[in-house]
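J.: Provided herewith is a single structure, encoded as structure tokens, for subsequent inquiry.
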Amino acid sequence: MSDVVIGEAVVVEVRVAQLPTRGLALLIDGVLQGLAIYGLGWVWSQLDFVTEQAVAVAISILLSALVLVGYPVICETLTRGRSLGKLVFGLRVVSDDGGPERFRQALFRGLAGVVEFWLLLGAPALISSLISAQGKRLGDLFSGTIVISERGPRQAPPPEMPPQLAAWATTLELSRLPEGIAATARQYLSRWHQLAPIVRHEMGMRIATEFASYVSPPP
């Protein structure tokens, strides 16, 4: 998990995509790009109107570059951060502020990807992803993006609010509540159903006591 600060200075918790999942998504995209290059090469070989060998080679290189750069740029721009490989594994590219990926960012990522994956066989991307706390490859660092996973583990819903506390909850002032205590409460409520009754009660009372010293009106 990682924290993203959006434009309104609100901290949003996102699930950073794991390296193995990104690798599999990249493999799918790479296979599709390879098939596209092969298909264009075959079509080009059937055309005889270019007789100069140097010109033919230059055009073939140009078509390959357009596939390698154009595929991720077009896909991620039109789908707001997804290529076909990312779509399969539930990944999405977003800006560092949590907003959708822009064309300029997709272009930077696409150009960097040619160098990272196709020219240097993915070594820079792997090293950068392992060093970065958010798993960023060089293309992400240059463009200000992050790859997140939209398929989090399924969790049981938290316990419902007791009806007798609903009116009190609508009047709560939570501005003094530290983020650490709020995060502890979120984790507790998400795992509430997994805890043994004694542990559930003891942890709940401890967290509730900490909360009571920061919220008003008192419970």
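The values are calculated or read from the model by the stated rules, or taken from the named source; none is laboratory data. Predicted model, so just to flag it, every value in this text is computed and none were measured. Virtual Cβ from ideal backbone geometry, glycine too; neighbours counted across all protein chains shown. Remember, those area values only see protein heavy atoms, side chains included, never the ligands or the DNA or RNA. Shrake-Rupley method; radii C 1.70, N 1.55, O 1.52, S 1.80 Å.
J.: Only loop residues by DSSP count here, and only those with at most 12 other Cβ atoms within 10 Å; note down the trypsin sites (Lys or Arg not before Pro) in the range 167-207 that meet that.
T.: Qualifying residues, ordered by number: Arg176.
J.: Each residue of the range 124-133 in order: what ³J(HN,Hα) in whole Hz does its phi give by Karplus 6.51 cos²θ - 1.76 cosθ + 1.60, θ = phi - 60°, with x for Gly and Pro?
T.: Each residue of the range 124-133 in turn: x, 5, 5, 5, 5, 5, 6, 7, 5, 5 Hz.
J.: Then there is this: Largest first, please: the extent of the C-alpha atoms of the chain along each principal axis, to the nearest Å.
T.: 85, 34, 32
J.: Can you list, largest first and rounded to whole Å, the semi-axes you get for the range 122-202 by taking the square root of 5 times each eigenvalue of its Cα gyration tensor?
T.: The answer is 39, 18, 12 Å, longest axis first.
J.: Against the 2.2 N^0.38 Å scaling, with N counting residues, where does the range 82-170 land? I'd like the Cα-based Rg ratio to two decimal places.
T.: Its radius of gyration relative to the 2.2 N^0.38 Å reference: 1.56.
J.: I would also like to ask the following. Grab the other residues whose beta carbon is less than 11 angstrom from that of Lys136, score K and R as +1, D and E as -1, and report the net.
T.: +1
J.: For the chain, which whole-number percentage of the solvent-accessible area (1.4 Å probe, protein heavy atoms only) is attributable to carbon and sulfur atoms?
T.: Answer for the chain is 68 percent, counting heavy atoms of protein chains only.
J.: If you add up the charges near Glu116, with Lys and Arg at +1 and Asp and Glu at -1, over every other residue whose beta carbon is less than 14 angstrom from its beta carbon, what do you get?
T.: +2
J.: Which order do Leu195, Leu119 take by accessible area at a 1.4 Å probe, largest first?
T.: Leu119, Leu195
J.: Can you give the calculated 222 nm mean residue ellipticity of the chain, where each DSSP H run of n ≥ 4 adds -39,500 (n - 2.57) and the sum is split over every residue, rounded to the nearest 500 deg cm²/dmol?
T.: Per the formula, -17000 deg cm²/dmol.
J.: Can you give me the orientation-averaged projected area of the convex hull built on the Cα atoms of the range 29-124, in nm²?
T.: With the hull built on Cα positions only, its mean projection is 7.3 nm².
J.: Something else: Please give the contour-minus-distance gain from Ser132 to Ala183: 0.36 nm per residue of separation, less the Cα-Cα distance, rounded to one decimal in nm.
T.: Roughly 16.0 nm would be gained on extension.
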